[in-house]
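The values are calculated or read from the model by the stated rules, or taken from the named source; none is laboratory data. Keep in mind that this is a model prediction, so the values were computed, not measured. Cβ: placed from backbone, ideal geometry, glycine included. Neighbour counts: every protein chain shown.
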Amino acid sequence: MYSFKNDYAEGAHPRILHALIESNFEQEDGYGEDRYSRQAVELLKEKIGRPDVDIHLIPGGTQTNLIALSAFLRPHEAAIAANSGHIQTHETGAIEATGHKVLSVETTDGKLTPSAIQEVLDAHTDEHMVKPKLVYISDSTEIGSIYNRHELQLLSDFCRKNNLIFYMDGARLGSALCSSENDLRISDFPELVDAFYIGGTKNGALIGEALVICRDSLKEDFRFHMKQKGALLAKGRLLGIQFLELFRDNLFFDLAQHANNMAKKISDELSRANIKFVTHSPSNQIFPILPNSVIEQLQNNYAFLIWEKADQDHSAIRIVTSWATKEEAVNAFLEDIKKYL
Ligand SMILES: Cc1ncc(COP(=O)(O)O)c(C=O)c1O
């Protein structure tokens, strides 16, 4: 059985494990004050090209979204997200549990637009309703699509004009930035969004996300919020060591590129066989629509999610490739599909 279920089925890139073992007996300060975390933060600031941002290393994605949004919003304020957005669909109401409603917007490609956000603003007019205050997007999105520079600039301008906080979930930012269709650099984001995170968990780290807070007014007391929500790890060094290794050279991007290449190999081959997809997704998540009989046979040897029913005889499946996906497994998967079609 080979898994295309997600990009966290494997452990961590060997270089990361090696760095953890190498530093194992060193005595370091706790709670992110160790020299590795401090160096990782400085290195990330350099890569982003902005010494003035605040960067916090946080164990997981849900936790990062939850701490950031609950810290940034006042009690009556709400977040706006695509109907497929992770905070809307897959975080067990974590944002709502902190008292902030998530207002969802219908999209077909997982991406928010200014006009869709405007509709939410128009529908919330007074103090008898929550006040929409933060726009949540993820890049890549929950369905593998990516934002280009123009789309992000439009959203950014709209948020600034309407005094909205613009937040980007980058659980799969590596994959978005390494997409063949990407026209953004990691250094572009501080100009475009108020806060974003760089995902490590799904790109070769054991655990860890790096939250970058760009807007000054959102920075205050953030470590208090982290501690209160259980995210200030005594052994914070574990996160620092990993991000230092990922960004010491091009490892972070090389790993994301590999995941994308594997997904592209599958989608190119399936497109040649006239297979349709739920949406255009030039990243490491693809959603081909296959006959149910083919899916059943594939399930004997491969693990993947059944995403949605397409019609009586067809369903969309979700295929996710990772930094560690083996090309031989991809080849065998493609051979099997051809055989079953
Ligand atoms: C876009 C996005 N954000 C956040 C998360 C949550 O991450 P975690 O499972 O580490 O809490 C995920 C996980 O799948 C995700 O895809």
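Could you please tell me which pairs satisfy a Cβ distance under 6 Å, a separation of 6+ or placement on different chains, a first residue in region 56-77 that is under 20 Å from residue 124 (Cβ atoms), and a second residue that is in a helix (DSSP H, G or I) and within 12 Å of the ligand (Cβ to nearest atom)?
69/95
Inspect region 39-49 for any residue being among the polar types (S, T, N, Q) and closer than 20 Å to residue 165 by Cα and give the result as yes or no. Can you show your working first?
Of region 39-49, the ones among the polar types (S, T, N, Q) are 39.
Right, trim to closer than 20 Å to residue 165 by Cα and you get none.
No, region 39-49 contains no residue that is among the polar types (S, T, N, Q) and closer than 20 Å to residue 165 by Cα.
Could you tell me which numbered condition residue 330 fails, if it satisfies all but one of (1) out of contact with any Asp or Glu (no Cβ under 6 Å at 6 or more places or on another chain); (2) assigned to a loop (DSSP other than H, G, I, E, B); (3) under 17 Å from residue 267 (Cα atoms)?
The number of the failed condition is (2).
Please tell me if residue 263 is within 24 Å of the chain's Cα centre (by Cα) and without any contact (Cβ under 8 Å) to a residue 40 or more places away in the chain. Please lay out each step first, then the result.
Details: within 24 Å of the chain's Cα centre (by Cα): yes; without any contact (Cβ under 8 Å) to a residue 40 or more places away in the chain: no.
Considered against the rule, which asks whether it is within 24 Å of the chain's Cα centre (by Cα) and without any contact (Cβ under 8 Å) to a residue 40 or more places away in the chain, residue 263 comes out as no.
Among 205, 259, 234, which is the only one that is small (Gly, Ala, Ser), under 29 Å from residue 32 (Cα atoms) and surrounded by 16 or more Cβ atoms within 10 Å (Cβ to Cβ)? Step through it out loud before you land on a result.
Numbers: 259 fails: under 29 Å from residue 32 (Cα atoms); 234 fails: surrounded by 16 or more Cβ atoms within 10 Å (Cβ to Cβ).
Only one candidate passes the filter, namely 205.
Is region 19-30 home to any residue that is modelled with pLDDT of 95 or more and closer than 22 Å to residue 173 by Cα? It would help to see each step written out before you state the result.
So the first thing to find is which residues in region 19-30 are modelled with pLDDT of 95 or more, and the list is 19-30.
Checking the rest, the ones that are also closer than 22 Å to residue 173 by Cα come to none.
No - not one qualifying residue is present in region 19-30.
Could you list all residues from region 182-201 that are surrounded by fewer than 24 Cβ atoms within 10 Å (Cβ to Cβ) and within 12 Å of the ligand (Cβ to nearest atom)?
Selection gives 201 alone.
Quick one: in region 46-58, which of the residues that are farther than 14 Å from residue 215 by Cα and surrounded by fewer than 21 Cβ atoms within 10 Å (Cβ to Cβ) is nearest to the ligand (Cβ to nearest atom)?
The selected residue is 47.
Please verify whether region 27-45 includes one or more residues that are more than 30 Å from residue 113 (Cβ to Cβ) and within 14 Å of the ligand (Cβ to nearest atom). Reasoning before the result, please.
Within region 27-45, the first condition is being more than 30 Å from residue 113 (Cβ to Cβ), and the residues that meet it are 27-43, 45.
Filter once more, keeping what is within 14 Å of the ligand (Cβ to nearest atom): none.
Taking every residue of region 27-45 in turn, none turns out to be more than 30 Å from residue 113 (Cβ to Cβ) and within 14 Å of the ligand (Cβ to nearest atom).
What is the number of the single condition among (1) assigned to a helix (DSSP H, G or I); (2) touching a Phe, Trp or Tyr at 6+ places or on another chain (Cβ under 8 Å) that residue 296 does not meet?
It fails just one condition, (2).
Which one of these is within 16 Å of the ligand (Cβ to nearest atom), assigned to a helix (DSSP H, G or I) and in contact (Cβ under 8 Å) with a residue 60 or more places away in the chain: 175, 179? Working first, answer last.
Numbers: 179 fails: assigned to a helix (DSSP H, G or I).
After applying the criteria, what remains is 175.
Looking at region 225-244, which of its residues are assigned to a loop (DSSP other than H, G, I, E, B) and closer than 20 Å to residue 65 by Cα?
Filtering region 225-244 for residues assigned to a loop (DSSP other than H, G, I, E, B) gives 229-236.
Passing the criteria: 229, 230, 231, 232, 233, 236.
Go through region 72-120 and give me each residue that's in contact with a Leu (Cβ under 8 Å, 6 or more places away or on another chain) and of a type in the set (Asp, Glu).
Within region 72-120, 77, 91 qualify.
If you go through region 12-43, how many residues are in contact with a helix residue (DSSP H, G or I) (Cβ under 6 Å, 6 or more places away or on another chain) and crowded, with 21+ Cβ neighbours inside 10 Å?
5
Tell me yes or no: at least one residue of region 208-230 is of a type in the set (A, V, I, L, M), buried (at least 22 other Cβ atoms within 10 Å of the Cβ), out of contact with any strand residue (DSSP E or B) (no Cβ under 8 Å at 6 or more places or on another chain) and more than 17 Å from residue 45 (Cβ to Cβ). Before the answer, list the steps.
Taking region 208-230 and keeping what is of a type in the set (A, V, I, L, M), we get 210-213, 218, 226.
Restricting the remaining residues to those that are buried (at least 22 other Cβ atoms within 10 Å of the Cβ) gives 210-213, 226.
Filter once more, so that each one left must be out of contact with any strand residue (DSSP E or B) (no Cβ under 8 Å at 6 or more places or on another chain): none.
No, the conditions are met nowhere in region 208-230.
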